[in-house]
Amino acid sequence: MASYSCDLLIVGGGGAGLRASIAAAEARPDLDVAVVSKVYPMRSHTVAAEGGAAAVIKSTDSLEAHAYDTVSGADWLCDQDVVEAFVDEAPREMVQLEHWGCPWSREPDGTVAVRPFGGMKVSRTWFAADKTGFHMLHSLFQTSLKYKSVKRYDEWFVSRLLVDDGRCAGVVAVEIATGEVHSILAKAVILCTGGCGKIFPFTTNANIKNGDGMALAYRAGAPLKDMEFVQYHPTGLPATGILITEATRAEGGWLVNKDGYRYLQDYALGTPEPKPVHRTMELGPRDRLSQAFIKEQERGRTLEGPYGHYVNLDIRHIGETVIDKKLPFVRELCLKYANLDPVHEVIPVRPVVHYIMGGVHTDIHGATPIAGLYAAGEAACVSLNGANRLGSNSLTECLVFGARAGRAAAEYVDGAPAPGAAVEAQASDEERRLRSLMDKTDGTERIADLRSEMQSTMEESAGIYRSGDSLAAGAETLGRLRQHARHLKLEDRSRTFNTEFISALELDYMLELAEIILRSGEQRTESRGAHQRTDFPARDDDNFLAHSLAYRNDDGSVRIEYSPVTITKWPPGARVYGKQ
Amino acid sequence: MAETIRLEVSRYRPEVESEPTLQSYEVPYNKDWVILDALNYVKNQIDGSVTFRWSCRMGVCGSCGMMANGEPKLTCAVPLTDYDPTQPIRIEPLQFFPVVRDLVIDMSSFLEKLSNVKPWIIRDDVEATEAVEFRQTPVELDAYKQFSMCINCMICYSACPVIGLEPEFTGPAAIALAQRYNLDSRDKGKEERMDALDAHEGLWGCTFVGECTKVCPKNVDPAGAIQLYKMGSATDYLKSMLLPWGTK
Ligand SMILES: Cc1cc2nc3c(=O)[nH]c(=O)nc-3n(C[C@H](O)[C@H](O)[C@H](O)COP(=O)(O)OP(=O)(O)OC[C@H]3O[C@@H](n4cnc5c(N)ncnc54)[C@H](O)[C@@H]3O)c2cc1C
Ligand code: SF4
Ligand code: FES
């Protein structure tokens, strides 16, 4: 077992991880910074983000307005000090990315262009056609190459955090190409490992989105916050879950039921106009739109195909010129993956799991309760998104809180002691655990079978609408699946690039997180944002204007505690959408 | 019986085999599938040891390039129905790269080449202030936009006859990305970047067969980038001969 070391280690090379690495390298050029990632950084799922990134830049907009949209979108479960810091720093971060070469779409005068987005009162979403995440990620990655103090461990899989005496002291990782197990010691670690959409069957998330960092932090003793809040995006392609961006609706697309009727008007989202109207109809927030789909299905007004119920997204009236200019990727995706041309045909869509509002509990600087352990991006829950994230806030979140975590961790490193001896013993333990899994020959359970059973269980028990019964039933099935997962059948006996072994570790993470999502959901006996309980349909501010914190008990079970929400300027109110 | 198709998949584990061999698998000929789905069917249902990279399954992360019947393809973007179910599809790792395992290539050389061309905005930022963006008109954006669409899938390298002979050649994608910055109105680093490129011989071996542009799944046109580059550096060269006090 080889041992490497650095001052600051960032786990994850997506938007948040790369931004953190640059922030740390700029703040402290003398530090050894390292980025470890299970895929080459430019493969990270930030690459798939389409629609845009929000930040106030136009004179018609205000920080106050962006903050209010975010708070009301979050159904008041966000921390308002975090929201204020976010909207305030967002424009600077976005301009910084512009200076780093991000090819933002432009107005004729050369200023950046913005588009409307769901739940936003003003147009403030910057975009690079409909490949915003792709361009942001490649700009960040290519820019990061100029910082020579940043070392990369590409295609290394982190399997454990090393924690000694309450301080994070590095990680154990598998070098995928060789199967070697190594420790990387560090004075501070930032988790930027992204979301966990793959816990569900229909998702816009890539194969690599398994919630690794959340599980790592949880097992190391950090709480996971607000994990019951899972976002369904209202418009994914039914067969594959491929995302059709909200930007289609921002550019004027309509959602219609089987009768061609713009059904959102029946669900307190305003009245239909021919042109898009902010915070109205198709530009309502995602939780409301996904819920409306289910209601529409219950009324028998959706369509049915080989992959279940769906409605249609109609963008034909936007016209070929605008589609090719502003939504070229949507057209490409429809042609390739749905066999239709959206210039001439409607697009079948259904809600698909997209994003998790919850994550590793951090403060406003990205610090977790474990000294030296930080988190940012989708893996973290800094409490910007509350019970429902607004589209286009997440990419910006990766920048603002990636940079914050990078700076805070770089500062922390100075006073931090070098990792102690106990860490070596932990690392050897982990190596033994991994080796015995690699060499296991007596298993009977196929990874793929358990994974799909977990996924369908989650969809049934913790979908857009849940109940105490469905959540409890789901937890029971999961308990059984976790038992089975001890007897995985591993067929690949090679140490070289063993992806089956990596999938086994990922499945183990996902099963643990799935249970946390269910347990957190069970205990929140109210409905708020993306968490809708059929048995408790109302919001309950008296009891649940609070973050859930899931801790791991010594026996492996989950314990849920609550902590208060920070309110600065916007007392809890009603969420009102549609023209007022 | 439902229709099926045979995949002949290149298998290679360096610890056991000295040479790759082909292994055959029968999979459903599902009309909604891309090649990658068929491979995942093998991995999930038949043989968990078949090894390949993939992630997004929507043609944007660049992980899943492989040879299909001898042609480099982004396997998540090619429907099975492009192939005749009565004939097997041969799936091999992208050619001209060292093979790590089965369908996984070693692409570390590309990461080095990419770093060498300095793919970042170069300018001493006297004009930059944190609060204001650089202006760039849609026309200026269009000048480099196409070259910024590269997903680093390595398919063009697998089609490039020069790379086949001279693996050191900077190659199509890295040159396209160098041009992406050279042509960006915000950048002032062209000369610095050109120095890095000129250090490599391979460029002049490129004969404009344009294979890279033909196979690129994202229409990046690396051949065009190389052509532009050659013209650019030829003019720079001429300028420096004619005007020795010239631009440098
Ligand atoms: C299809 C799609 C479209 C979206 N569109 C938008 C949009 O338009 N606007 C918006 O604001 N948001 C959008 N989002 C959300 C947003 O893109 C993500 O929340 C955000 O990009 C997450 O970035 P990240 O850096 O946190 O994680 P990621 O980009 O997912 O990166 C995670 C990194 O962690 C690494 N990693 C994970 N586990 C391990 C491990 N065990 N060991 C080592 N490394 C590991 C991975 O290799 C990767 O580098 C979209 C999301 C999806 C799925
Ligand atoms: S230029 Fe095209 S083929 Fe080459 S790596 Fe980039 S996207 Fe792939
Ligand atoms: S899997 Fe991402 S490009 Fe094919």
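The values are calculated or read from the model by the stated rules, or taken from the named source; none is laboratory data. Predicted model only: the values in this text are computed from it and were never measured. Note that we place each Cβ from the backbone using ideal geometry, even for glycine, and neighbour counts take in every protein chain shown.
A count restricted to the range B:144-177 and to residues that are assigned to a loop (DSSP other than H, G, I, E, B) and more than 16 Å from ligand 1 (Cβ to nearest atom) stands at 10.
Checked against the criterion of being at the interface with another protein chain (Cβ under 7 Å from one of its Cβ atoms) and within 16 Å of ligand 1 (Cβ to nearest atom), the candidates B:CYS56, B:CYS76, B:CYS64 yield just one match: B:CYS56.
When each of B:SER24, B:SER18 is tested for being farther than 22 Å from A:ALA206 by Cβ and either modelled with pLDDT of 95 or more or not assigned by TED's automatic domain parsing to the domain that holds B:MET66 (or both), the lone residue that passes is B:SER24. For the range A:319-373, the set of residues classified as in a loop (DSSP other than H, G, I, E, B) and hydrophobic (A, V, I, L, M, F, W, C) consists of A:LEU327, A:ALA338, A:LEU340, A:VAL343, A:VAL346, A:MET357, A:ILE364, A:ILE370, listed by residue number.
Within the range B:14-53, the set of residues being away from every other protein chain (no Cβ under 11 Å), within 13 Å of ligand 3 (Cβ to nearest atom) and β-branched (Val, Ile, Thr) comprises just one member, B:ILE35.
Please go through the range B:62-96 and pick out each residue that is more than 16 Å from ligand 2 (Cβ to nearest atom) and among the β-branched types (Val, Ile, Thr). I'd like the intermediate steps shown before the answer.
Applying the first criterion (more than 16 Å from ligand 2 (Cβ to nearest atom)) to the range B:62-96 yields B:69-70, B:79-92.
Of everything in the range B:62-96, those that are more than 16 Å from ligand 2 (Cβ to nearest atom) and among the β-branched types (Val, Ile, Thr) turn out to be B:THR81, B:THR86, B:ILE89, B:ILE91.
Would you mind stating whether A:ASP212 is modelled with pLDDT under 95 and within 30 Å of A:ALA416 (Cβ to Cβ)? For A:ASP212, the condition - modelled with pLDDT under 95 and within 30 Å of A:ALA416 (Cβ to Cβ) - is not met.
Could you tell me whether the range B:41-57 includes any residue that is aromatic (Phe, Trp, Tyr) and within 16 Å of ligand 2 (Cβ to nearest atom)? For the range B:41-57, residues aromatic (Phe, Trp, Tyr) and within 16 Å of ligand 2 (Cβ to nearest atom): present.
Look at the range B:38-62: where a residue is within 25 Å of A:TRP156 (Cβ to Cβ) and in a loop (DSSP other than H, G, I, E, B) and a partner is within 15 Å of ligand 3 (Cβ to nearest atom) and among the charged types (D, E, K, R), sitting 6+ places away or on another chain with Cβ atoms under 7 Å, you get B:VAL50/B:LYS43; B:SER55/A:ARG43; B:CYS61/A:ARG43; B:GLY62/A:ARG43.
When you go through A:ASP363, A:ASP314 one by one, which is the residue that is in the same structural domain as A:PRO417 (by TED's automatic domain parsing) and modelled with pLDDT of 95 or more?
A:ASP363
Scoring B:ASN152 on the criteria (1) within 16 Å of ligand 3 (Cβ to nearest atom); (2) in contact with a strand residue (DSSP E or B) (Cβ under 6 Å, 6 or more places away or on another chain) leaves a single failure, condition (2).
Selection of first residues in the range B:139-167 that are under 20 Å from A:VAL47 (Cβ atoms) and of second residues that are within 16 Å of ligand 1 (Cβ to nearest atom) and among the small types (Gly, Ala, Ser), restricted to Cβ pairs under 6 Å at least 6 apart or on distinct chains, gives the following pairs, ordered by first then second residue: B:ILE151/B:GLY62; B:ASN152/B:GLY62; B:CYS153/B:GLY62.
Could you look through the range A:123-148, keep only residues that are of a type in the set (D, E, K, R) and more than 9 Å from chain B (Cβ to nearest Cβ), and pick out the one that is surrounded by the most Cβ atoms within 10 Å (Cβ to Cβ)?
Restricting to residues being of a type in the set (D, E, K, R) and more than 9 Å from chain B (Cβ to nearest Cβ), the top hit is A:ARG124.
Can you tell me which residues in the range B:79-123 are part of a helix (DSSP H, G or I), touching a residue at least 60 places away in the same chain (Cβ under 8 Å) and at the interface with chain A (Cβ under 10 Å from one of its Cβ atoms)?
Across the range B:79-123, the qualifying residues are B:PHE110, B:LEU114, B:ASN116.
Looking only at the range B:149-169, decide whether some residue is more than 11 Å from chain A (Cβ to nearest Cβ) and within 25 Å of B:ARG135 (Cα to Cα). No, there is no match, as no residue in the range B:149-169 is more than 11 Å from chain A (Cβ to nearest Cβ) and within 25 Å of B:ARG135 (Cα to Cα). Selection of the range B:124-148 for residues being more than 8 Å from every other protein chain (Cβ to nearest Cβ) and either over 15 Å from A:TRP104 (Cβ atoms) or surrounded by 14 or more Cβ atoms within 10 Å (Cβ to Cβ) (or both) yields B:ASP124, B:VAL126, B:GLU127, B:THR129, B:ALA143, B:GLN146, B:PHE147.
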